[in-house]
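Q: Sharing a structure, written as structure tokens. Questions coming.
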Amino acid sequence: MLDLDLFRKLAEELIPFNKWLGLKVEHLAKGHITLSIPWRDELIGDPIRQAIHGGVISTLADTAGGLCVWSAIENPTMGRVSTVDLRVDYLRPGRREALVGDATTVRVGAKLGWADIRLYHPSATSELVATARGVYALKHPKQPQRDA
């Protein structure tokens, strides 16, 4: 069963990089998550355009994708998820405002999970900054072996 409070704490506080970014869970349900990162000048990747660094965009996509797949597995508190592949399509520069990542689990198999991710600014939800597709390896806890 998905413990929403524990999952939120993991995403926002227990992963040091997420905490440094100021990442917040805006919505969480099994197989779906919406995260946001508030604007900070340290996130600028292009000082001329004042655009968000592409690495910040891909970080939010990867984090949202991994967490949404993790939330969809049978016992998320016992399993682990790691990125196998992440494809990001950058559609427009990220502006000087918060960035939102909305991820939905596409499929969870025995060893892999897939997620679709949309990234946008809260002021213009229909203007995508980027889209992404993540593939994540699922590590389930080892089951005790039975004696024959």
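Q: Place a +1 charge on the Cβ of each Lys and Arg in the chain and a -1 charge on the Cβ of each Asp and Glu, then give the dipole magnitude about the Cα centre in debye, rounded to the nearest 20. Show your work: numbers first, answer last.
A: On the way: 19 positive and 17 negative charges, 60 e Å.
The dipole of the chain has a size of about 280 debye.
Q: For region 4-139, divide the Cα radius of gyration by the Kirkwood radius and give the resulting Rg/Rh value with two decimals.
A: Details: Rg = 14.2 Å, Rh = 14.7 Å.
Looking at region 4-139, the ratio lands at 0.96.
Q: Using only Cα atoms, find the angle between the long axis of helix 54-72 and the longest principal axis of the chain, and express it within 0 to 90 degrees, rounded to the nearest 10.
A: That helix lies at roughly 30 degrees to the long axis.
Q: Same structure again: Go ahead and estimate [θ] at 222 nm for the chain from helices alone: -39,500 (n - 2.57) per DSSP H run with n ≥ 4, summed, over the residue count, rounded to 500. Could the numbers behind the result be given before it?
A: Numbers: 3 runs with 31 residues, N = 148.
Mean residue ellipticity, 222 nm, calculated: -6000 deg cm²/dmol.
Q: Further question on the same structure: What is the Cα radius of gyration of region 69-125 over 2.2 N^0.38 Å, N being its residue count? Can you show the working numbers first?
A: Details: Rg = 14.1 Å, N = 57, 2.2 N^0.38 = 10.2 Å.
Against the empirical 2.2 N^0.38 Å value, I get 1.38 for region 69-125.
Readers should treat all values here as calculations from the given coordinates under stated rules, not as data from a laboratory. The structure displayed is predicted, hence computed values, not measured ones. Methodologically, a virtual Cβ is constructed for each residue, glycine included, from the backbone with ideal geometry; neighbour enumeration extends over all protein chains shown.
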